[in-house]
Amino acid sequence: MKMTQRARRSAIALVAAAAIGGSGVAVGAATAAPAATSAVATSATTSTPLAASGDARASYADVVRRVLPSVVLISTGEGLGSGVVLDRSGNIVTNAHVAGNATEFKVQVPGDAAPRTASLVGSYPPDDLAVIRVADPSGLQPAKFGDSAKAQAGDVVLAVGNPLGLSGSVTSGIISATGRVVAEPAADGKAGATLPDAIQTSAPINPGNSGGALVTTVGEVIGIPTLTAAGSQGGAQVQGIGFAIPSNLARDIAHQLITAGSVTNSHRAAIGAQVGTVTGTDGAPAGTGIVAVTSGGPAEHAGLRPGDVIESAGGTPTPDTQALAGVLAAADPGDQITLSVVRGAQELTVKLTLGELPGN
């Protein structure tokens, strides 16, 4: 994660889960809780690495030696982060929140004393991914990417990056779960990204790890670390919960940014409307209001209008835009979804066929 003075925080929005208030938070599978489970994620963590149960290897030094040359340190005027070398042309994939608003970067390549200059190729905040390109690609060693679709709970993984600016740091853990929907909160007046199909890992993810590599024990990158969870429940601290963007998604979005300069196929569902959180008389979120509908889009075809308030989608309450984003992140373009809508004094049930989230 990018190192900044302000901690980066996000909420875990498991499928069919809603945020809970109070000082304590909990994390669990959507099927394990009767109503809602959630947690807070942040770039600062004191998580303790969990042992890889049943793993007989005494050392992963050989794996680390193969991977380290492909993981770079990225610096901007706002902070530090990590990146993974994609190819010998100098393209490097990282998180959109690492790139931030910068267009020029300094990149420290392992083994080089002086940093190299780099420029922004493209950024896609909805998936928290970006690509930068170094001006001098000589000697860059591309990482070997694996098939993240084959990742499964229990697999041993290593997180390689530059936490706290400590270049070439490695932590270990296991894949705790796959297919998590992770929602980041709004920041600087902008809605946070909702990441579909994230890999949950017990490998500690610390400030500066964002944009680095989550790798298998054969040295294949299967994820791009982006968030870690923190909080407490009943006085106990949440530990060993980090998240990574699947490598298959990262490579796909990066390829689009490199070849087209933008994302032309997001693969993500959308309702075709601008929305905002509606606040009730008590000041609490009371639904997701439609501000405007896209001409010819799914919302317009379904008969939705500006001023309508979506109270639930697919049976999941949508008290705010983040909750609706979580539902959409778990769906695919073309899926049909049922919305519970309030229009003035009317309560409506609307069936809508989801469209695709536009690229940038």
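Give the number of residues within segment 341-354 that are surrounded by fewer than 19 Cβ atoms within 10 Å (Cβ to Cβ) and assigned to a strand (DSSP E or B).
Residues meeting the conditions: 9.
Cβ-Cβ under 9 Å, sequence separation 6+ or interchain: first residue in segment 287-304 and of a type in the set (Asp, Glu), partner not in a helix (DSSP H, G or I). Which pairs?
Pairs that qualify, where the first residue is of a type in the set (Asp, Glu) and the partner is not in a helix (DSSP H, G or I), are GLU300/GLY272; GLU300/ALA273; GLU300/VAL293; GLU300/THR294.
Can you run down the residue pairs with Cβ atoms below 7 Å, 6 or more apart or on separate chains, where the first is in segment 79-102 and farther than 24 Å from THR194 by Cα and the partner is assigned to a loop (DSSP other than H, G, I, E, B) and among the small types (Gly, Ala, Ser)?
Going by the 7 Å Cβ cut-off, the qualifying pairs are VAL85/ALA143.
Could you please let me know if LEU328 is crowded, with 22+ Cβ neighbours inside 10 Å and over 25 Å from ALA96 (Cβ atoms)?
no
Out of the residues in segment 120-138 that are under 21 Å from VAL221 (Cα atoms) and part of a loop (DSSP other than H, G, I, E, B), which is nearest to the chain's Cα centre (by Cα)?
ASP128
For every residue, the table says whether it meets (1) out of contact with any strand residue (DSSP E or B) (no Cβ under 7 Å at 6 or more places or on another chain); (2) of a type in the set (Lys, Arg).
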residue: TYR60; (1), (2): no, no
residue: ARG65; (1), (2): yes, yes
residue: GLY90; (1), (2): no, no
residue: LEU120; (1), (2): no, no
residue: ARG133; (1), (2): no, yes
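Does SER312 count as without any contact (Cβ under 8 Å) to a residue 40 or more places away in the chain and part of a strand (DSSP E or B)?
For SER312, the condition - without any contact (Cβ under 8 Å) to a residue 40 or more places away in the chain and part of a strand (DSSP E or B) - is met.
Wholly within segment 139-237, which strands (runs of 3 or more DSSP E) include no fewer than the required count, namely at least 3 residues that are out of contact with any helix residue (DSSP H, G or I) (no Cβ under 7 Å at 6 or more places or on another chain) and either at pLDDT 90 or above or not basic (Lys, Arg) (or both)?
156-161, 169-183, 194-201, 221-230
Against the conditions (1) closer than 29 Å to ASN265 by Cβ; (2) under 26 Å from the mean Cα position of the chain (by Cα), where does GLY287 fall short? Just the number, please.
Result: GLY287 passes all but (1).
Suppose we keep only residues that are among the hydroxyl-bearing types (Ser, Thr, Tyr) and in a strand (DSSP E or B) within segment 243-292. Which one would you say is farthest from ALA96 (Cα to Cα)?
Among those that are among the hydroxyl-bearing types (Ser, Thr, Tyr) and in a strand (DSSP E or B), it is THR279.
Just one of LEU129, LEU158, LEU164 is closer than 29 Å to GLY359 by Cβ, of a type in the set (A, V, I, L, M, F, W, C) and assigned by TED's automatic domain parsing to the domain that holds SER75; which is it?
LEU129
It is to be established whether one or more residues within segment 288-309 are in contact with an Asp or Glu (Cβ under 6 Å, 6 or more places away or on another chain) and modelled with pLDDT of 90 or more.
The answer is yes, given that some residue of segment 288-309 is in contact with an Asp or Glu (Cβ under 6 Å, 6 or more places away or on another chain) and modelled with pLDDT of 90 or more.
The values are calculated or read from the model by the stated rules, or taken from the named source; none is laboratory data. Bear in mind that the values here come from a model prediction, so they are computed numbers and not experimental data. All Cβ positions, glycine included, derive from the backbone under ideal geometry; neighbour counts span all protein chains shown.
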